[in-house]
Every structure is written in structure tokens, then in C-alpha cells.
Amino acid sequence: MTTTHLAVHDRALTDPAAVDDIEWAVRLLAATPTHEGRDRELLRQWACRADEFGSRLAPVPSTARVVERDGGLERMLLARYTSRPPTVELYTDTLALAEELVEARGWRAWYPPGSVRAAALAHEAVHAHFHHGPAKAALKQALDHTVLRLGRHRLAGHVAGAEEVAAHAYARTVCGLGRSPLLLTAALRAEITRPGREK
């Protein structure tokens, strides 16, 4: 779960909660390489489809070992999944800052105690699920991005960033959050990159 994909600008700088979850997903896609110059409405369609796909996923068990460490703030990471061996790295410094932001901004109703950590684990479990199973192909079909058509046959294309949107939607749903973790990652990015912030 990275904070680097989201460009934070306009009113979102002072009030990121004023931006709805789908718009944060659109911004994530727009900031992802390969989507430069893409039509915003197309990005919105993909964001909606990826969000719906993630929110409908059945609970995904995780067998990855969990390792907690510092260093997330420098890397702009809350958590990361690596496949060899299957491991979820949880960055405790970023988790602590996320909890501080939830309290400071009055978002506790959306992110109950312990839910930030749970959402990070759920998010990374979905990345493992995409990596090891048929869900990645199912997401491609759901996005309906055709890159090649031959008669009645078509080839579904990959949409960079869509797995990230789906993973956030899954975490929001399975953890019962009031808002997507996308909002929290946007707030984290704004805080981490704030001029004058102590490192």
C-alpha cells in the first residue's frame, strides 16, 4: 500500500475528505504511468469498475508471514507484499502516523482503532491473491479494456493501477471502513511531503 501514486492538489490539500473515494481512485489512475493524457471519463469508468470488483471479492485468506519494521515514511509505504517468500512488510512508523492523522482529522468513525493495520493487511492479501490466482484475469474482464479485436474475439488489456484501486475497495469493505484507505493514503502523502515537516 503506497502513498506515492496520489497527486494531492486543490481543495484536497486542506480537506482531503472533501474528495470522494471514486475521485481519489481516478486521481490514482491518472497519476499512474501509461495513463498520461487519458480521457478522465474513461479513467472514472475504470475506477468505478475496479472499486466494484474489489468490494465484491470474497474474503481472501493470507498465508504470508508478516514482518513489522520502520522505514516506511522514507519510502512512502504503509505496507508491501513480496512474493518470494510470501511476506507482508508492515511499516510501523507510517502506521503510527496514519493513526495520528485519523485522530487529528476526526476520522475515527471511518477508521476505528486497529482498522488501519487490518486494512493494510487486507490490501496486501489481495495483491497476493492477484499474484497467485485467477482474480487478475477476472479483474481485466471486469474493466472491459479491449486492446485487440479480431472479429468476435477480443483481448482484454491490463489497466495499470486498477489492482491498487480494487485492493483499496476490498480493504474498505472487508474491514467495514467508512471511507476507502485511498483517503488515508492521500492524507499521509500530503503530511509526509509537507514543507517543513520534521523527518
Residue (of Ala169, Leu182, Ala118) at the positive-pole extreme of the chain, dipole from beta-carbon charges:
Ala169
Using distinct alpha-carbon pairs, which all enter the 1/r mean, Kirkwood radius of the stretch 1-144 in Å
16.6 Å
Report the longest stretch of the chain that contains none of the GluC sites (Glu not before Pro) sitting in a DSSP loop with at most 14 other Cβ atoms within 10 Å.
37-197
Average accessible area per residue (Å²) across the chain - probe 1.4 Å, nucleic acids and ligands excluded
49 Å²
Which percent of Cα-Cα pairs in the stretch 22-83 sits in each 10 Å bin, short to long?
17, 31, 37, 15
Is the C-alpha gyration tensor of the stretch 56-131 telling us rounded, prolate or oblate? Criteria: a/c under 1.5 is rounded; beyond that, a/b larger than b/c is prolate, otherwise oblate.
oblate
Once both axes come from the Cα atoms, what is the angle between helix 181-192 and the longest principal axis of the chain, in degrees from 0 to 90, rounded to 10?
50 degrees
Let me know the charge dipole size of the chain about its Cα centre in debye, to the nearest 20, where only the beta-carbon of Lys, Arg (+1) and Asp, Glu (-1) is charged.
640 debye
Tilt, helix 92-105 to longest principal axis of the chain (alpha-carbon atoms), in degrees rounded to tens, equals 80 degrees
For Leu150, the accessible surface traced by a 1.4 Å probe with all protein chains present amounts, in square angstrom to the nearest 10, to 120 Å²
At most 16 other Cβ atoms within 10 Å and a DSSP loop assignment: could you name the trypsin sites (Lys or Arg not before Pro) in the stretch 37-73 that fit?
Arg38
Please report, as a whole percent, how much of the solvent-accessible surface of the chain comes from carbon and sulfur atoms (probe radius 1.4 Å).
53 percent
DSSP loop trypsin sites (Lys or Arg not before Pro) in the stretch 75-172 with at most 15 other Cβ atoms within 10 Å of their Cβ, which ones?
Arg108, Arg152
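The values are calculated or read from the model by the stated rules, or taken from the named source; none is laboratory data. Since the structure is predicted, the reported quantities are computational estimates derived from the model, not experimental observations. All Cβ positions, even for glycine, are placed from backbone atoms using ideal geometry, and neighbour counts span all protein chains on display. Just the protein is used for accessible areas: all its heavy atoms, side chains included, with ligands, DNA and RNA removed. Shrake-Rupley method; radii C 1.70, N 1.55, O 1.52, S 1.80 Å.
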